[in-house]
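Chemist: I am attaching a structure below and will ask some questions about it afterwards.
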Amino acid sequence: GCSGKRELAARPHTEACRSVRFDPAGTHLLSCSSDCSVQRRDIESNQPVWRMRRAHDSSINVCVPLGPHGVGTGDDDGIVHVWDVRQKGRIMRFVEHADLVNDLHFSLDKLQLACCSSDGHLSVYDLRKGRLEARSDELEEELLCLATMKGGKKLLAGTDSGVIGVFTWGDFGDFSDRMTPKLIGCADAVQTIAPLDDHVMLVASADGVLRAIALHPSRQLGQVGCHPEPLEKLAVDSEAAIAATSAHDGVIRLWDVRG
């Protein structure tokens with residue numbers, strides 16, 4: 001079984017902390033809050049090394065590292081900002097969405113940032129040129145989370161209806177494939193997707209169940225575990241051995257997902 005202990009604690013925000021991510025090196029922790037602030041914290045010293053107290057005009061819902069120095073943030077009004085922690089202000093601002101930004105996914109090799117929103121659109125930004133690269137059609141689904149598989153060739157989007165939509169990277173107009181609630185085994189919202197490898201993903205759903213799903217050929221592989229309340233967040237360690245889940249019950253659970 002898995003066990004864990006608290007290594008450090010911090011209170012970087014005055015209101016709810018909505019998103020927390022490690023940087024690529026695992027030495028810093030990035031967090032954002034409904035108090036409109038974003039912060040990068042050194043884990044060893046447990047001290048902030050970069051922060052913007054008024055990074056957005058509305059609550060920030062998601063943050064993501066963009067390589068060693070970049071940060072992407074998305075807010076409740078659909079606004080996306082890009083930051084360089086070596087500079088004092090933001091370096092890019094995108095306003096394509098009309099509703100909550102639910103997730104951001106960064107492709108380092110392409111230097112592109114994918115964004116999904118409750119307005120039913122996916123947008124992809126070219127960070128080399130600082131402009132919108134592509135925007136999907138109205139998909140009639142709230143897009144809640146993003147993940148890539150198949151060597152970055154497939155972009156997965158979890159939705160509020162329980163569908164996992166599959167985009168082929170570079171063709172973002174509409175889903176190239178749809179994994180239905182019947183296939184997944186759940187008709188509730190897909191809250192988070194975490195790939196274990198290029199063929200198998202873990203899917204956290206609002207019914208509280210953590211499932212293993214294969215992609216192409218797509219099928220449900222089984223249930224990993226469950227919470228008594230809706231699942232909110234899911235993360236997998238770098239060796240794809242342990243998954244961590246959190247839910248409305250306020251409990252973090254660790255799961256052995258090897259094999």
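The values are calculated or read from the model by the stated rules, or taken from the named source; none is laboratory data. This is a predicted model, so every value here is computed, not measured. Methodologically, a virtual Cβ is constructed for each residue, glycine included, from the backbone with ideal geometry; neighbour enumeration extends over all protein chains shown. Heads up: the accessible areas ignore ligands, DNA and RNA and are worked out on the full protein's heavy atoms, side chains in. Shrake-Rupley method; radii C 1.70, N 1.55, O 1.52, S 1.80 Å.
Chemist: Could you pull out every one of the aspartates and glutamates with an alpha carbon less than 16 Å from that of Lys110, ignoring same-chain neighbours closer than 8 positions?
Modeler: Hits, sequence-local ones excluded: Asp126, Glu133, Asp171.
Chemist: Report, as a whole number in µm² per second, the diffusion coefficient that Stokes-Einstein gives for the chain at 10 °C and 1.306 mPa s using the Kirkwood radius over alpha carbon pairs. Before the final figure, lay out each step's value.
Modeler: Values: Rh = 18.6 Å.
Calculated translational D: 86 µm²/s.
Chemist: Given Cβ point charges of +1 (Lys, Arg) and -1 (Asp, Glu) and nothing else, what value in debye, to the nearest 20, does the dipole of segment 5-105 about its Cα centre take?
Modeler: Details: 14 positive and 14 negative charges, 98 e Å.
The dipole magnitude comes to about 460 debye.
Chemist: Once you have the Cα-Cα distance between Lys182 and Leu111, take 0.36 nm times their residue separation minus that, and quote the gain in nm to one decimal.
Modeler: Details: separation 71, 0.36 × 71 = 25.56 nm, distance 3.51 nm.
Gain in length upon complete extension: 22.1 nm.
Chemist: Where does segment 138-224 land on Rg(C-alpha)/(2.2 N^0.38 Å)? Mind dumping the intermediate values first?
Modeler: Numbers: Rg = 11.5 Å, N = 87, 2.2 N^0.38 = 12.0 Å.
In units of the 2.2 N^0.38 Å rule of thumb, it is 0.96.
Chemist: Hey, can you find the accessible area per residue of segment 1-61 for me, probe 1.4 Å, expressed in square angstrom?
Modeler: Details: 3850 Å² over 61 residues.
About 63 Å² of surface per residue is accessible.
Chemist: State in Å² the accessible area per residue of segment 119-256; use a 1.4 Å probe, count heavy atoms of protein chains only, and round to the nearest integer. Before the final figure, lay out each step's value.
Modeler: On the way: 6040 Å² over 138 residues.
For segment 119-256, the solvent-accessible area averages 44 Å² per residue.
Chemist: Next up: Where does the longest stretch of the chain lie that holds no GluC sites (Glu not before Pro) found in a DSSP loop with 10 or fewer other Cβ atoms within 10 Å? Could the numbers behind the result be given before it?
Modeler: Details: sites that count: Glu7, Glu44, Glu138, Glu140, Glu239.
Here the longest segment lacking exposed loop sites spans 141-238.
Chemist: Once you put a point 7 Å from the Cα of Glu44 and another 7 Å from the Cα of Ala16, both along the Cβ direction, what distance in nm separates them?
Modeler: 3.5 nm
Chemist: Then there's this: May I ask you to work out the translational diffusion coefficient for segment 61-138 at 10 °C, viscosity 1.306 mPa s, via Stokes-Einstein with Rh from the Kirkwood sum over Cα pairs, reported in whole µm²/s? If you can, show how the numbers build up before the last one.
Modeler: On the way: Rh = 12.2 Å.
So the translational diffusion coefficient is about 130 µm²/s.
Chemist: Tell me, what is the FRET efficiency for Gln87 and Glu232 to the nearest 0.05, using R0 = 35 angstrom and their Cβ-Cβ distance as r?
Modeler: Values: r = 32 Å, r/R0 = 0.93.
The calculated FRET efficiency here is 0.60.
Chemist: Mean 1/r over all different Cα pairs, inverted: what Kirkwood radius does segment 1-125 give, in Å? Write out the running numbers ahead of the final one.
Modeler: Details: mean 1/r = 0.0677 Å⁻¹.
By the Kirkwood definition, the hydrodynamic radius is 14.8 Å.
Chemist: Still on this structure: Considering the convex hull of the alpha carbon atoms of segment 92-238, report its projected area averaged over all viewing directions, in nm², one decimal. Could the numbers behind the result be given before it?
Modeler: Numbers: hull surface 33.7 nm².
Reported value for the Cα convex hull: 8.4 nm².
Chemist: Distance between the C-alpha centers of segment 119-134 and segment 60-86? Whole Å please.
Modeler: Measuring centre to centre over Cα atoms gives 13 Å.
Chemist: How about Lys233: which lysines have a C-alpha closer than 25 Å to its C-alpha, ignoring those fewer than 8 places off in the same chain?
Modeler: Lys5, Lys150, Lys153, Lys154, Lys182
Chemist: At 4 °C and 1.567 mPa s, what whole-number value in µm²/s does Stokes-Einstein give for the translational diffusion of segment 57-103, with Rh from the Kirkwood sum over Cα pairs?
Modeler: Details: Rh = 10.7 Å.
Calculated translational D: 121 µm²/s.
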